[in-house]
Amino acid sequence: DAGVIQSPRHEVTEMGQEVTLRCKPISGHDYLFWYRQTMMRGLELLIYFNNNVPIDDSGMPEDRFSAKMPNASFSTLKIQPSEPRDSAVYFCASTSGQADGYGYTFGSGTRLTVV
Amino acid sequence: QKEVEQDPGPLSVPEGAIVSLNCTYSNSAFQYFMWYRQYSRKGPELLMYTYSSGNKEDGRFTAQVDKSSKYISLFIRDSQPSDSATYLCAMKKGANNLFFGTGTRLTVIP
């Protein structure tokens, strides 16, 4: 398996522009998570899905952030409009609910810079 | 108070030293405890996991959980330069919501 695949690896955009981050989870995993990592706050859970349904989006900072999972093999995280404080590394992770004690498999992340 | 507390370091040790990394937590409902390793510009990768209290050993790595003290540790024996990374503790209650520490940056000096 190729693991969790995220794209793009790097994104530099101007303030006010729309940004879309993409994730392909591991085949067969029924949970998908979006995290944001910064030096100050560490890893923060933004939202997670179970069987393509959003379960908890309480970590989404504000209405500028939205996430979708149209099918089991694809998810997007969108920021519109983007702001400099959104600059961070965004990780997608997946896991199987059948393996209750197992951790998550993370992608390599998208490094977002908003100027 | 954050649910999981971890000393951010940085921690710098000579090659061959024993490294001790620690986390404390406040929620007694946590049952699954994990350590992730994150190399620079990479995603975290699962290193060790334990269920409930006790020790688990895997090669040079030992994970220890003390639920009575709400304290978990990761020991690295005979540390190598390739162990230089950020180590994050993580834990969960059962449902799939993993709580992470902020990570400890470790450098092993040759």
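The values are calculated or read from the model by the stated rules, or taken from the named source; none is laboratory data. These numbers were taken from a predicted model, which means no experiment stands behind them. Don't worry about glycine lacking a Cβ; one is built from the backbone with ideal geometry, like all the others, and counts go over all protein chains shown. Ligands, DNA and RNA are stripped out before the accessible areas are found, and what is left, the full protein with its side chains, is counted by its heavy atoms. Shrake-Rupley method; radii C 1.70, N 1.55, O 1.52, S 1.80 Å.
Details
- Selection of strands (runs of 3 or more DSSP E) fully inside the stretch B:67-110 by the criterion of at least 3 residues being under 21 Å from residue A:33 (Cβ atoms) and open to solvent by less than 40 Å² (accessible area, probe 1.4 Å) returns B:85-92.
- The residue that is least open to solvent (accessible area, probe 1.4 Å), counting only those in the stretch A:12-27 that are of a type outside the set (Val, Ile, Thr) and more than 22 Å from residue A:48 (Cβ to Cβ), is A:16.
- Condition check for residue B:9: among the small types (Gly, Ala, Ser) and without any contact (Cβ under 8 Å) to a residue 40 or more places away in the chain: no
- For the stretch B:25-51, a residue qualifies if it is buried (at least 18 other Cβ atoms within 10 Å of the Cβ) and of a type in the set (S, T, N, Q), and the qualifying residues are B:38, B:50.
- If only residues of the stretch A:29-56 that are of a type in the set (S, T, N, Q), farther than 23 Å from residue B:6 by Cβ and more than 9 Å from chain B (Cβ to nearest Cβ) are counted, the one that is nearest to the chain's Cα centre (by Cα) is A:52.
- Scanning the stretch A:57-71 for residues that are under 15 Å from residue A:94 (Cα atoms) and either surrounded by fewer than 16 Cβ atoms within 10 Å (Cβ to Cβ) or within 10 Å of chain B (Cβ to nearest Cβ) (or both) yields A:68, A:71.
- Flag if residue B:54 is farther than 27 Å from residue A:39 by Cα, modelled with pLDDT of 95 or more and surrounded by fewer than 18 Cβ atoms within 10 Å (Cβ to Cβ): no
- Filter result (facing another protein chain (nearest Cβ under 7 Å) and modelled with pLDDT of 95 or more) within the stretch A:90-105: A:91
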